[in-house]
Amino acid sequence: FQIINGNITSPKGFQACGIHIGLKRQKKDLALIVSDVIAEAAAVFTANKACAAPVQISKENMKKGKAQAILVNSGNANACTGKEGYENAKKMVDTVAEELKVSSDNILLASTGVIGVPLPMNTIIKGISKATKSLSYAGGNDAAEAILTTDTSVKQIAVNVEIDGKKVTIAGIAKGSGMI
């Protein structure tokens, strides 16, 4: 493989955005990554029985091994928020699906940040609408910024690799710094 100067939107057919909606004071706090088509997907989840609502929803939606979008908010983990947190996570997925005109079963969700505080759903819903209108094939760097919490820099990579004689591009973003 060859590392290239790229990001999560370097593979053909992926759009993304990273915007500020008000979960954090100033920094970007909502990322949306969307494939033009339903994609094969794989995920690894915590085995902890007390996993957060976004993890529960994403586990359910990954059963078929397909995904078309992932919404990530930073600043609020939607963890330890009980039934309300689960309902809020479901509403987030349903809102993304409605805005993008895709199946909610193909939407993944991740939240990072403060634990035990309910999400400000009015802010989130308005933010999702803004995010779907902000998608761009050049939005990868913004998405990488929007998932950060205590990180000091973005973590992203893009590589070209040949598979069965065809050149393909694979990319990823990650977060995490000083995690317990």
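The values are calculated or read from the model by the stated rules, or taken from the named source; none is laboratory data. What you see is a predicted model, and the numbers here were worked out from it, not measured in a lab. All Cβ positions, even for glycine, are placed from backbone atoms using ideal geometry, and neighbour counts span all protein chains on display. Calculation scope for accessible area: heavy atoms of the full protein, side chains included, ligands and nucleic acids excluded. Shrake-Rupley method; radii C 1.70, N 1.55, O 1.52, S 1.80 Å.
From the list Ala158, Ala144, exactly one residue is of a type in the set (A, V, I, L, M, F, W, C), over 29 Å from Lys49 (Cβ atoms), in contact (Cβ under 8 Å) with a residue 40 or more places away in the chain and assigned to a helix (DSSP H, G or I). Which is it?
The match here is Ala144.
Restricting the search to region 77-107, which residues are hydroxyl-bearing (Ser, Thr, Tyr) and part of a helix (DSSP H, G or I)?
Tyr86, Thr95, Ser104 - these are the residues of region 77-107 that are hydroxyl-bearing (Ser, Thr, Tyr) and part of a helix (DSSP H, G or I).
Which residue out of Cys17, Cys51 is open to solvent by less than 70 Å² (accessible area, probe 1.4 Å) and either more than 19 Å from Ala131 (Cβ to Cβ) or modelled with pLDDT under 95 (or both)?
On inspection, the qualifying residue turns out to be Cys51.
Do we have any residue at all in region 2-16 that's free of Cβ contacts under 8 Å to residues at least 60 places away in the same chain and closer than 27 Å to Lys166 by Cα?
Within region 2-16 (the criterion being free of Cβ contacts under 8 Å to residues at least 60 places away in the same chain and closer than 27 Å to Lys166 by Cα), the answer is yes, since at least one residue qualifies.
Restricting attention to region 105-116, which residues are under 14 Å from the mean Cα position of the chain (by Cα) and farther than 11 Å from Thr149 by Cβ?
Selection gives Asn106, Ile107, Leu108, Leu109, Ala110.
Looking only at region 60-82, which residues are open to solvent by 70 Å² or more (accessible area, probe 1.4 Å) and either of a type in the set (Asp, Glu) or within 23 Å of Leu119 (Cα to Cα) (or both)?
Listed by number, the residues that qualify are Glu60, Cys80.
Please give the number of the condition Ser74 fails out of (1) assigned to a helix (DSSP H, G or I); (2) under 17 Å from Pro120 (Cβ atoms); (3) of a type outside the set (Val, Ile, Thr).
Tallying (1) assigned to a helix (DSSP H, G or I); (2) under 17 Å from Pro120 (Cβ atoms); (3) of a type outside the set (Val, Ile, Thr), Ser74 fails exactly one: (1).
Going through region 104-136 one residue at a time, which ones are within 24 Å of Glu40 (Cα to Cα) and either acidic (Asp, Glu) or open to solvent by 50 Å² or more (accessible area, probe 1.4 Å) (or both)?
Asp105
Would you pick out the residues in region 137-169 that are at pLDDT 95 or above, within 27 Å of Lys91 (Cβ to Cβ) and open to solvent by 40 Å² or more (accessible area, probe 1.4 Å)?
Across region 137-169, the qualifying residues are Asp142, Glu145.
Does region 27-56 hold any residues that are charged (D, E, K, R) and more than 24 Å from Gly13 (Cβ to Cβ), and which are they?
Matches in region 27-56: Lys27, Asp29, Lys49.
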